[in-house]
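Here's the structure, in structure tokens; my notes come after.
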Amino acid sequence: MNNILLHTVLSGCLLFSAHFVCGQNERTGVSFRPGDLYDVGDFRPLDPSLHYNRDFLRDSTYTYEAVRSDSTEEWVLTTRQVHQYNTKGKEQAAVVSVMENNRWEDSYKLEFTYRQETELESAVMFTRDEGHGTDGEWVMRERRIYGYTYSGMQSDLLTERREGERWLPVSLAEYTYNASELKEEYLLYQWSDEILDWQPEERTLYTYEEATDLPASERIQFWDTISGDWINVSRMVFFYDEHANLVEAVKSTWDRDTERFVPVTHTEWSYNHEGLQLNMITVPAEGFDAQAAEGEGAVFSEHNALYSEEGNLNQVVVTEWNEETDDWVPVRFDEHFWSAHTTGTGIPEHTEINCIYANPYTIGLPWNCEGLMRDVQYSFEIFDLTGRLYYADTFKGGDSFRVRRNVPSGIYIAVITGGMDRHAEKVIVR
């Protein structure tokens, strides 16, 4: 369970660049206020005569589950995630609590460390000391250690569990890449106490579209200890629109009798004009027979998202298809809250920044940005649409610069910061 919890929160962490936290929640009028689990820092009043740049960090998420009886239907608050960041906008900690007997009980906490302020180095999971509830001390239970190649690509992920004063191995994931630095294989090992060595368990093989380098498929295989070989389990095939947005995916499972992949589910995505996901719906693939598939289910499900004017994800409603009522039934509701982060230098704003580059962009081609201060050092960062940092570098204003390391094909947000400047724009990477 700990592995699942850790992966769930890590995959949801939104990391942006910022300097000072200003304690004004973007949304008001709510009946609960986040922030009681950690010290959010010294908030200073903002002088409107100064030049400021705003960004947002997700400070909390509240999850509701639908509860129904014969006569009523209501949302019940069940879970809370609260996030803490450092002055660079990197997430330092996340605390997950569950609602029990009308009070919050801490479930677990994650603490993060970084290498060179950009690469995630470790994530440690804590739970409360048993028998002391929320008042008990945090006790280390599990940690993940991240390794990278010389070019900054993730090479491995070691998971360990805490036993007494020692860390013991649990699992090891290794990543390999092709000549274009696109992920080619994910290989997962589990530690065996019997042979005191790593045992292969699962692997994922990746393919890409030749023209765009967009992911084309993912194939999952399990290691069969009897035959000493890899056995197919499932496959996902992806399809994109003209803007490189993922619009369709088909999941198939391996049929050992016919030795072929059989389609199970079909998923579609829709986007707004800014490229933000609005809807994801999953339905059984055409011709799928659940009973004939040895219990492999294909549940109708739909995710609908609402965003603020700033593009922050505010709400996600998850529904499932009810065959008895022949209708969509809500099952979960996530509400996200964001805090405004503000940077300032006390220098009036100057000329608007305008960057000239090829868009869609090919790695290695130059960027030329007008309006930057000469000889001022700027940082250049590339984030995906979930806020994950893919690339970071520095350059001096007035100079051209290039992305010098591979970034997978897709849609990203490029952010330039330095001095009193901050500039962001959407970039399509071929």
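The values are calculated or read from the model by the stated rules, or taken from the named source; none is laboratory data. Note that the coordinates shown come from a computational prediction; the quantities given were computed from them, not determined experimentally. Every residue, glycine among them, receives a Cβ derived from its backbone with ideal geometry; neighbour counts consider all protein chains shown.
All told, Ala211 falls short of being exposed (fewer than 14 other Cβ atoms within 10 Å of the Cβ) and closer than 25 Å to Tyr148 by Cα. Where residues in the range 306-340 are part of a loop (DSSP other than H, G, I, E, B) and not small (Gly, Ala, Ser), which of them is modelled with the lowest pLDDT? Going through the qualifying residues, I end up with Glu310. Evaluated against (1) modelled with pLDDT under 90; (2) within 21 Å of Val331 (Cα to Cα), Gln84 falls short on exactly one condition, (2). Total residues in the range 176-185 satisfying the condition of being of a type outside the set (Asp, Glu) and closer than 13 Å to Trp230 by Cβ: the figure is 0. So, in the range 190-208, of the ones that are in a strand (DSSP E or B) and of a type in the set (Asp, Glu), which residue ends up surrounded by the most Cβ atoms within 10 Å (Cβ to Cβ)? Checking each candidate, the answer is Glu202. Please work out which one of (1) closer than 20 Å to Ser308 by Cβ; (2) touching a His at 6+ places or on another chain (Cβ under 8 Å); (3) surrounded by fewer than 17 Cβ atoms within 10 Å (Cβ to Cβ) is the condition Ala285 fails and give its number. Among (1) closer than 20 Å to Ser308 by Cβ; (2) touching a His at 6+ places or on another chain (Cβ under 8 Å); (3) surrounded by fewer than 17 Cβ atoms within 10 Å (Cβ to Cβ), the lone unmet condition for Ala285 is (1).
Picking from residues in the range 81-106 that are surrounded by fewer than 17 Cβ atoms within 10 Å (Cβ to Cβ) and in contact with a helix residue (DSSP H, G or I) (Cβ under 9 Å, 6 or more places away or on another chain), the one that is nearest to Val124 (Cα to Cα) is Glu105.
Among the candidates Val233, Val264, Val170, Val247, which residue alone is under 24 Å from Thr386 (Cα atoms), out of contact with any helix residue (DSSP H, G or I) (no Cβ under 7 Å at 6 or more places or on another chain), of a type in the set (A, V, I, L, M) and assigned to a strand (DSSP E or B)? Testing whether each residue is under 24 Å from Thr386 (Cα atoms), out of contact with any helix residue (DSSP H, G or I) (no Cβ under 7 Å at 6 or more places or on another chain), of a type in the set (A, V, I, L, M) and assigned to a strand (DSSP E or B) leaves just Val247. Any idea which residue in the range 352-395 is modelled with the highest pLDDT, counting only those that are within 14 Å of Ile416 (Cβ to Cβ) and part of a loop (DSSP other than H, G, I, E, B)? That would be Tyr357. In the condition set (1) within 30 Å of Leu187 (Cβ to Cβ); (2) touching a Phe, Trp or Tyr at 6+ places or on another chain (Cβ under 8 Å); (3) at pLDDT below 90, Lys109 is compliant with all but (3).
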